[in-house]
1. Please check: in the Gaussian network model of the chain (C-alpha springs, under 10 Å), which one of Thr92, Thr142, Thr54 has the largest mean-square fluctuation.
2. Quick check: convex hull over the Cα atoms of segment 64-171, volume per residue in Å³, rounded to an integer?
3. Before rounding to the nearest 500, sum -39500 (n - 2.57) across all DSSP H runs of length at least 4 in the chain and divide by the residue total; then give [θ] at 222 nm in deg cm²/dmol.
4. Indicate the gyration tensor shape class of segment 97-239 (rounded, prolate or oblate), computed on the Cα atoms with a ≥ b ≥ c the square roots of the eigenvalues: a/c under 1.5 is rounded; otherwise a/b larger than b/c is prolate and the rest oblate.
5. Normalised by the number of residues in segment 31-135, what is the relative contact order in percent for Cα pairs under 8 Å and 6+ residues apart?
6. Over the chain, one equal point on each Cα, no solvent: what is log10 I(q)/I(0) by the Debye formula at q = 0.16 Å⁻¹?
7. Pick from Lys138, Lys185, Lys221: which is most flexible by mean-square fluctuation in a GNM of the chain where alpha carbon atoms under 10 Å apart are linked?
8. Please find the FRET efficiency linking Ser19 to Val242, where r is the Cβ-Cβ separation and R0 is fixed at 45 Å, and quote it to the nearest 0.05.
Amino acid sequence: MPFTMASMVESQAKNPEFSRLYVAAVLALNVALSLSIVLMNKAVYTYFFFPNMTLTMIHFVFTTFGMLVCRFLGIFAVKSMPLSKMIPISVTFCGFVVLTNLSLENNTVGTYQIIRALTTPCVILLQTIYYSRSFSTKVKLTVIPIIVGIFLISCFDVKFNILGVTYASAAVIVTSLYQVWVNEKQGEFQCTAMQLLYYQAPLSAICVGIAILFYEPLLLKGGLFGNLWSAKALVLVSATGVVAFAINVSIFWIIGNTSPLTYPLGNTSSAHR
């Protein structure tokens, strides 16, 4: 059998051995990309009033095409997986992105980031209750500054509002569940991050596309085809799609090769900026 990049990725999935420096570099890249897309998405909502769920679907479509390109280049090999077991994680993926974007749209960037940091204690809680995982005292102590930060932002952020907090809280719960499932599914199917994302991205795009027909009619004012979007808007939306693809790949890699807790902890630094 010829040695290809896909076969190398397969062998890494069975025996993952990555240095701390490599993992730290991927985490740093993910944080940088996450900060970038937060600011870009906020600009899309604030200056162009682009429909929220439509932007989410565009991100999934970009990710789907990105995965097809990666497959064509031999970066990973497709692995057969039962679609019925992919639907729940795809739905949570939709909820994760849609609710995160709604939180960003209805909160200041600071409030959005600080509440997102609650993902860390939520992941710890889910893994402890449902998967009987144990965590060291040092890890548990990281929850304290996060909770203190939430309290301070609720007291001093003048744009703190009930609707925004509702979306943000729902996003934390769904995001935590999603991150735990990504890790569990990669272990269950013995697959790489890209093999799992290859199935999940198009399913998620279809789910959001169906929801758009009811909540953001494409031809009405405010819908994708109901407005005449400027070239700047289209370029910025396309740029968010490219960044979203890179983020999705890095998230899956981080969770699959470390743990569901590593990703929110790695992003905690960005949550306080």
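1. It is Thr142.
2. For segment 64-171, the hull spanned by Cα atoms encloses 162 Å³ per residue.
3. Numbers: 12 runs with 206 residues, N = 273.
After summing the helix terms and dividing by residue count, I get -25500 deg cm²/dmol.
4. oblate
5. On the way: 25 pairs, mean separation 33.8, N = 105.
The normalised contact order for segment 31-135 reaches 32 percent.
6. Summing over Cα pairs of the chain leads to -1.33.
7. With Cα springs under 10 Å in the chain, the top fluctuation among Lys138, Lys185, Lys221 is at Lys138.
8. On the way: r = 28 Å, r/R0 = 0.62.
The formula returns an efficiency of 0.95 here.
The values are calculated or read from the model by the stated rules, or taken from the named source; none is laboratory data. Predicted model, so just to flag it, every value in this text is computed and none were measured. Quick reminder, even Gly has a Cβ in these numbers, built from the backbone with ideal geometry, and neighbours come from all protein chains shown. Areas reflect the complete protein model, heavy atoms only, side chains present, ligands, DNA and RNA absent. Shrake-Rupley method; radii C 1.70, N 1.55, O 1.52, S 1.80 Å.
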